[in-house]
Amino acid sequence: MSKTTWWKEGIIYQIYPRSFRDSNGDGIGDLRGIIESLDYLKSLHVDILWLSPIFLSPNDDNGYDVSGYREIMPDFGTLEDFEELLEKAHQMGMRIILDIVANHCSDEHPWFVRSKSSKDNPYRDYFFWKAPYPNGGPPNNWRSFFGGSAWELDDNTGEYYLHLFSKKQPDLNWENPALRQELYDIMHFWFKKGVDGVRLDVITLISKRLGFEDANFKKFRTAIETVYANGTRIHEFLREMNQEVFQQYDVMALGEGVGIHANNVLEYVGEKRGELDLIYHFDILNLTFGEERYGPAKPFELLMLKGIFQKWYDATKKDGWTVQAMGNHDYPRIVSRFGDDQDFWKESAKLLIVLLATQRGTLNIYQGDEIGMTNTAFADISHYRDIEGLNFFRSAAMGKNTEELEVLLSYLHHAGRDNARTPFQWNSSEYAGFSKNQPWLGVNPNYVAINRQDQEQDPDSILHFYRNMLHYRKENPVLVYGDYECLQPEHTSVYAYLRTYGDERRFILLNFSKKPSNFSLKPGTYPTQAEINNYSSLNFTSNGIRLQPFQGVVLKLN
Ligand code: TEU
Ligand code: CA
């Protein structure tokens, strides 16, 4: 039986501050906008607010390129604003975790400015510098997540530096104990202010394989696991970070588990490992992507989804802990991707939160999913802002004709990160009530129909359903800690499973189909009333249940 604790039972709400709420009319979300929204957040029954990076940054990657770890990005406000936000959140019984980017920093960070100034600068080996390959090219064939080589030549010193992400995000050299200590001191700085935890960006990448061998990148996702993630000293570094920092506070350490898999997850989150508390994987997040994210999509298959939930349950049922998330600021909107944002928008958005809120692990929802925000197909590349998507398009667009460019744009429509970053849709006024002026990224035109204010007025809205579902999860620990058993796993449209915790049992049935689906059950083995139902009724047949399109129900079994 898992130890009970706040970061297992608490519900995480991820905020992408840039797109959440703009309080001062500059078109960019900010901390004061979050402060002004705390009552709204509290009303959702969420407990832990995860803020994507709020630190000083040139915003090459919207804050995931930090140039000052103890300073607040001026776009977002001041340190005093943050301290006010933290205090008010605590007064309202909510916690705040910050997004710490420790694998890389910005090329405008003083560490890198000094490091690149000369080969013998004391900060030189805060980063990975390598001489050119004999032919003058990069030291090896490593690829950046954002396209192109993972090495950038610095003309000043004639050496290349490593950047697994953009060239303005040089990788930090964790082999250097002085660098590690600086990062620990930064975390102490925030924990001493009362911050309740950290989400550790790409933390599984911080230990590099120092041979820097060439790799086979034909299957990029596989290469991530075996070349970039799970490196030689990763667990040594995480244990040290835990001892040097986390152990000294009542905080949660949430790892972004790029490249982890079910058979090594316990090395990261096993309770006795003394490394991370919880971690999230990418098996669901990458489910509809091919080997290349920006390419032909793979159809969403329910049996694959069932298999992933089973695999990760089996891996962590006795030890360790994971986060349950189907979306975030890097992935398309869940209702567009796993639901049906055309014919069954409301039903499928509700179905997805029944799924997520009834799985074992810490529930993590992403801003806007609670009102069913959808993907946005901007008509032209000039509307896009995300460096990953733009890099992809610019390098793929060379020499392409109009039809081919349309295909490339369609890849962005399906898989682009800007899908999840369009401004939060507060109401149907101009710019969706997000700002008084033109936002940094276009608003999804459907804000007139999909917005928080209208849904507050509609008792049948996705928003009200989320509130009810999250409250229901909070009231029923069986959904957090309970055992899990999938029933009729081979059923191609209904996902059904039992959750059991002591004598508490819940039976969850989810119809992932546009058509009604029958689920056979022995009569008399289930109640006729649902505790949760995204339809107004529940129909039975002579030998089971007949679920409407995208109907999701929770039955209490005695
Ligand atoms: O993302 C890490 C990660 O998994 C990336 O590979 C990302 O999912 C990418 O879109 C995959 O195609 C983290 C942050 O969440 C992301 O916003 C940053 O861009 C990235 O790290 C670099 O800091
Ligand atoms: Ca602002």
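The values are calculated or read from the model by the stated rules, or taken from the named source; none is laboratory data. These figures come from a predicted structure and were not determined experimentally. Cβ: placed from backbone, ideal geometry, glycine included. Neighbour counts: every protein chain shown. Ligands, DNA and RNA are excluded from the accessible area calculation, which covers all protein heavy atoms including side chains. Shrake-Rupley method; radii C 1.70, N 1.55, O 1.52, S 1.80 Å.
See the values below:
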{"read-out": "Selection count where residues are under 21 Å from GLY259 (Cβ atoms) and away from ligand 1 (no atom under 13 Å from the Cβ), scope region 140-171", "value": "7"}
{"read-out": "Within region 435-487, helices (runs of 4 or more DSSP H) holding 1 or more residues that are in contact (Cβ under 8 Å) with a residue 24 or more places away in the chain and within 30 Å of ASP418 (Cα to Cα)", "value": "452-457, 462-475"}
{"read-out": "Region 1-58, residues that are of a type in the set (A, V, I, L, M), away from ligand 2 (no atom under 15 Å from the Cβ) and open to solvent by less than 10 Å² (accessible area, probe 1.4 Å)", "value": "ILE11, ILE12, LEU38, LEU41, LEU44, VAL46, ILE48, LEU49"}
{"read-out": "Residue match in region 257-273 (condition: in contact with a Pro (Cβ under 9 Å, 6 or more places away or on another chain), hydrophobic (A, V, I, L, M, F, W, C) and more than 13 Å from ligand 1 (Cβ to nearest atom))", "value": "no"}
{"read-out": "Restricting region 60-74 to residues that are within 13 Å of ligand 2 (Cβ to nearest atom) and surrounded by fewer than 22 Cβ atoms within 10 Å (Cβ to Cβ), the residue that is farthest from the chain's Cα centre (by Cα)", "value": "PRO74"}
{"read-out": "Subset of region 108-117 [open to solvent by 20 Å² or more (accessible area, probe 1.4 Å) and either among the β-branched types (Val, Ile, Thr) or in a loop (DSSP other than H, G, I, E, B) (or both)]", "value": "GLU108, VAL113"}
{"read-out": "Unmet criterion (only one of (1) closer than 22 Å to ARG337 by Cβ; (2) more than 12 Å from ligand 1 (Cβ to nearest atom); (3) charged (D, E, K, R)) for GLU291", "value": "(2)"}
{"read-out": "Failed condition for ILE54, given (1) β-branched (Val, Ile, Thr); (2) touching a residue at least 60 places away in the same chain (Cβ under 8 Å); (3) within 15 Å of ligand 1 (Cβ to nearest atom)", "value": "(2)"}
{"read-out": "Check on ASP460, modelled with pLDDT of 95 or more and either under 26 Å from the mean Cα position of the chain (by Cα) or open to solvent by 80 Å² or more (accessible area, probe 1.4 Å) (or both)", "value": "yes"}
{"read-out": "Odd one out for LYS317 among (1) surrounded by fewer than 17 Cβ atoms within 10 Å (Cβ to Cβ); (2) without any contact (Cβ under 8 Å) to a residue 60 or more places away in the chain", "value": "(2)"}
{"read-out": "Condition broken by ARG18, with the remaining ones in (1) assigned to a loop (DSSP other than H, G, I, E, B); (2) within 15 Å of ligand 1 (Cβ to nearest atom); (3) within 23 Å of ASN437 (Cβ to Cβ) satisfied", "value": "(1)"}
{"read-out": "Residue among GLU275, GLU236, GLU240, GLU271 that is in contact with a Phe, Trp or Tyr (Cβ under 7 Å, 6 or more places away or on another chain) and among the acidic types (Asp, Glu)", "value": "GLU275"}
{"read-out": "Search result, residues across region 334-353 that are among the basic types (Lys, Arg) and either surrounded by 24 or more Cβ atoms within 10 Å (Cβ to Cβ) or touching a Phe, Trp or Tyr at 6+ places or on another chain (Cβ under 8 Å) (or both)", "value": "ARG337, LYS350"}
{"read-out": "Which numbered condition ALA357 misses (of (1) in contact (Cβ under 8 Å) with a residue 60 or more places away in the chain; (2) open to solvent by 20 Å² or more (accessible area, probe 1.4 Å); (3) farther than 16 Å from PRO332 by Cα)", "value": "(2)"}
{"read-out": "Candidates LEU98, LEU86 - the one that is part of a strand (DSSP E or B) and more than 16 Å from ligand 2 (Cβ to nearest atom)", "value": "LEU98"}
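For (1) of a type in the set (Ser, Thr, Tyr); (2) touching a residue at least 60 places away in the same chain (Cβ under 8 Å); (3) more than 16 Å from ligand 1 (Cβ to nearest atom), each residue gets a yes or a no:
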position	(1), (2), (3)
GLN14	no, yes, no
LEU44	no, yes, yes
GLY63	no, no, no
MET94	no, no, yes
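Residues are listed down the side, and each one gets a yes or a no for (1) open to solvent by 60 Å² or more (accessible area, probe 1.4 Å); (2) within 30 Å of LEU38 (Cα to Cα); (3) among the β-branched types (Val, Ile, Thr); (4) touching a helix residue (DSSP H, G or I) at 6+ places or on another chain (Cβ under 9 Å):
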site	(1), (2), (3), (4)
LYS88	yes, yes, no, yes
ILE100	no, yes, yes, yes
SER106	no, no, no, yes
PRO122	yes, no, no, yes
LYS130	yes, no, no, no
ASN135	yes, no, no, no
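Residue by residue, here is whether (1) touching a Gly at 6+ places or on another chain (Cβ under 7 Å); (2) within 22 Å of TRP426 (Cβ to Cβ); (3) assigned to a loop (DSSP other than H, G, I, E, B) holds:
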{"site": "LEU287", "(1), (2), (3)": "no, no, yes"}
{"site": "GLY307", "(1), (2), (3)": "no, no, no"}
{"site": "MET326", "(1), (2), (3)": "no, no, yes"}
{"site": "VAL335", "(1), (2), (3)": "yes, yes, no"}
{"site": "ASP341", "(1), (2), (3)": "no, yes, yes"}
{"site": "LEU351", "(1), (2), (3)": "yes, no, no"}
{"site": "ALA379", "(1), (2), (3)": "no, no, yes"}
{"site": "LEU390", "(1), (2), (3)": "no, no, no"}
